1. Please specify each residue of segment 41-51 satisfying the condition of being farther than 17 Å from Leu99 by Cβ and either in contact with a strand residue (DSSP E or B) (Cβ under 8 Å, 6 or more places away or on another chain) or β-branched (Val, Ile, Thr) (or both).
2. Hey, Asp58 hits all of (1) of a type outside the set (Lys, Arg); (2) farther than 20 Å from Asn115 by Cα; (3) modelled with pLDDT under 95 but one; which does it fall short on?
3. Cβ-Cβ under 6 Å, sequence separation 6+ or interchain: first residue in segment 83-100 and surrounded by fewer than 24 Cβ atoms within 10 Å (Cβ to Cβ), partner in a strand (DSSP E or B). Which pairs?
4. Take segment 51-103 and flag every residue that is among the aromatic types (Phe, Trp, Tyr) and either in a helix (DSSP H, G or I) or more than 17 Å from Met147 (Cβ to Cβ) (or both).
5. Counting only residues that are open to solvent by 50 Å² or more (accessible area, probe 1.4 Å) and touching a helix residue (DSSP H, G or I) at 6+ places or on another chain (Cβ under 8 Å), which one in segment 24-40 is farthest from His235 (Cα to Cα)?
6. What number of residues within segment 221-255 satisfy the criterion of being open to solvent by 10 Å² or more (accessible area, probe 1.4 Å), touching a Leu at 6+ places or on another chain (Cβ under 8 Å), without any contact (Cβ under 8 Å) to a residue 60 or more places away in the chain and of a type in the set (A, V, I, L, M, F, W, C)?
7. Report, by residue number, each residue of segment 158-200 that is over 26 Å from Asp130 (Cβ atoms) and not in a helix (DSSP H, G or I).
Amino acid sequence: MFLCDYHTHTRFSFDGDPAATHDAMCRRALEIGLDHIAFTDHFDVNAEVEGLYDFPYDADAAFASMMEVKEKYKGRLHVLCGIELGNATQYPEAARAVLDAHPYEFVIGSLHNLNRVPDFCVMNFGHMSDGLIRQLFDRSLDETLEMVQFPGITTLGHLTYMHRYVTLAGKKLDFKPYFDKIEAVFRALMARDVAMEINVSTLWKGLGISLPTMELLKLYKDCGGKLVTIGSDAHAPENLGKAIRKGYAILQTVGFNEVLTVQDGQKVLRSIL
């Protein structure tokens, strides 16, 4: 079975495990039988511009390190030099600059926070009214629709990222009232030949859902969506590749039998059967 993990983080991410060197992640990838790995460390544009992290993303050092392991493991492991570009449209010039600095092979476009609002991961959804949660989610779809049209994105990372933290707080979020807006996001992806990621971090963390959920993956398929990528969102070697097979099972249940990969700069669909 072809196995890949197209959403991973190393020590170059502000929240990466110090042990998560590129080399350690590659060694772990070979141990668990991965065929492809994409390194996609965080570059949240607003956080970088506003100095919100303790240390900035060292794009030059990270890219050099990725290129080193790409050569070292050539023929044994297909390594993609990538980046997770967060909240690109909040500071588009800074986002463009980081993408132009290096020839990234794979770019995840993500929305971690609304404009001028903290990251969803630090919000206390347990003490929010359902109405406020719905307002925030509605706004997240508007900003996601804008973000997916930013040039250079390969895949949309963890659509419904906010849902992870709503679920952790013991709350429910009904997606049906937002189907029109979600469909608009899907159609924007398809128009730009951008894939959608199934992020399985919520599966291996025990939340029982993927990001997006099976319900929304089915909606994407019904809209004519064909391109999906898959990633564990691992920030440490021991979590690399976790729940990828569970993600494959979800995709097959919905009707997807292939995932999008990148080889020699070209998008290639690979069977997951």
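1. Those that are farther than 17 Å from Leu99 by Cβ and either in contact with a strand residue (DSSP E or B) (Cβ under 8 Å, 6 or more places away or on another chain) or β-branched (Val, Ile, Thr) (or both): none in segment 41-51.
2. Of everything listed in (1) of a type outside the set (Lys, Arg); (2) farther than 20 Å from Asn115 by Cα; (3) modelled with pLDDT under 95, Asp58 misses just condition (3).
3. What qualifies is Val98/Phe43.
4. Start the filter on segment 51-103 by keeping residues that are among the aromatic types (Phe, Trp, Tyr), which leaves 53, 55, 57, 63, 73, 91.
Residues satisfying the conditions are Tyr53, Phe55, Tyr57, Phe63, Tyr73.
5. Arg27
6. Residues meeting the conditions: 3.
7. Correct list: Arg192, Asp193, Val194, Ala195, Met196, Glu197, Ile198, Val200.
The rows are residues; the columns are (1) open to solvent by 20 Å² or more (accessible area, probe 1.4 Å); (2) within 29 Å of Ile133 (Cα to Cα); (3) of a type outside the set (Gly, Ala, Ser); (4) in contact (Cβ under 8 Å) with a residue 40 or more places away in the chain.
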site: His7; (1), (2), (3), (4): no, yes, yes, yes
site: Ala19; (1), (2), (3), (4): yes, no, no, yes
site: His22; (1), (2), (3), (4): no, no, yes, yes
site: Asn46; (1), (2), (3), (4): no, yes, yes, yes
site: Cys81; (1), (2), (3), (4): no, no, yes, yes
site: Val107; (1), (2), (3), (4): no, yes, yes, yes
site: His112; (1), (2), (3), (4): no, yes, yes, yes
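The values are calculated or read from the model by the stated rules, or taken from the named source; none is laboratory data. In this text, all values refer to a predicted model and were calculated from it rather than measured experimentally. Heads up, the Cβs are rebuilt from the backbone with ideal geometry, glycines too, and the neighbour counts pull from every protein chain shown. Remember, those area values only see protein heavy atoms, side chains included, never the ligands or the DNA or RNA. Shrake-Rupley method; radii C 1.70, N 1.55, O 1.52, S 1.80 Å.
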